[in-house]
1. When the Kirkwood radius is taken over all Cα pairs of the range 108-221, what Stokes-Einstein diffusion coefficient follows at 37 °C and 0.692 mPa s, in µm²/s?
2. So, in nm, how far is label residue 3 from label residue 232 when the simple model puts each one 7 Å beyond its Cα toward the Cβ?
3. Of the listed peptides 166-179, 13-26, 68-81, what is their order by residue-averaged count of other C-beta atoms within 10 Å, with the highest listed first?
4. What distance in nm separates the two pseudo spin-label positions at residue 196 and residue 115, each 7 Å out from Cα along the beta-carbon direction?
5. Order the peptides 129-139, 101-111 from the highest to the lowest mean number of other Cβ atoms within 10 Å of their residues.
6. Can you tell me which of 145, 229, 43 moves the most in a GNM of the chain? Springs connect C-alpha atoms under 10 Å apart.
7. Give me log10 I(q)/I(0) at q = 0.11, 0.13, 0.14, 0.18 Å⁻¹ for the chain, Debye formula, one equal scatterer per alpha-carbon, no solvent.
8. Under 11 Å from a label point 7 Å along Cα→Cβ of residue 252: give me every residue in the range 1-35 with its amide N that close.
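No value in this document is a laboratory result; all are computed from the given coordinates. As the structure is a prediction and not an experimental result, all values here were calculated from the model. Cβ placement follows ideal geometry from the backbone for every residue including glycine, while neighbour counts extend to all protein chains displayed.
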Ligand code: A2H
């Protein structure tokens, strides 16, 4: 971990009841996948959540009503950040693997899609953020390629028990426009660079560098209540709105 703390917005992606059998012990509570993002202004364009199939997660009690699903490491960090009711030792109510989480239907803040699903991504790091990532394929090359892999490879879906209807209906939604990369910057950069899959890590790092500066400094919001505003002005307004509504919490590590 770096010396400079990284501050993330944790997006509370609610598991839409009824809870599946693996989560039965949590009945009566609000259960959320807690996704760490640096780009809260892109949340309109969420198409799914990402989990690491072989990752270890837990359902941790945050307060009387709320349960967050994330890595134990993130639960411990959160416990020291006044979000959690139980200070030093967050209570794990259920231990889970990433595979247990695939296919959960989610209601996520600001998302134009009313229900989205939790899907496998192989490049998730379990020592960063919460181990849960929300997917915005319009603006994140990692998200675009991981969704592309699932859409274009039925065998890949089958390997992880991913149903067609969790993937096929979800298209890239334009959220931000930049002069250089248009309104689906991640899709454009992946096509321009001929990136073939989520496994082309080096190319994806380059792709990210190419579009990120432009997205922040030259981007204009196309969607949501701040449409027309510059991304750099809208970002904090959107983040603060999510925090006020209790749909997100801050998290640093
Ligand atoms: B970002 P940094 Cl639209 N493993 O959110 C892999 N990736 C992770 C992660 C983990 N454990 N935890 C968070 N992330 C992703 C939105 C987004 C993001 C957009 C564009 C770029 C972007 C939607 N996905 O990230 O290494 C999350 O994806 C650019 C890097 O701490 C989070 O923000 O800088 C970002 O990586 C944090 O990465």
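1. Reported coefficient: 222 µm²/s.
2. Here the answer is 2.7 nm between the modelled labels.
3. Numbers: 166-179: 18.1, 13-26: 15.6, 68-81: 20.9.
So the peptides 166-179, 13-26, 68-81, ranked by packing, come out 68-81, 166-179, 13-26.
4. Here the modelled spin labels are 3.7 nm apart.
5. Put in order of decreasing packing, that is 129-139, 101-111.
6. Result for the chain, Cα springs under 10 Å: 229 fluctuates most.
7. The Cα Debye sum returns log10 ratios of -0.56, -0.79, -0.93, -1.52.
8. Only 4-8 pass the distance filter.
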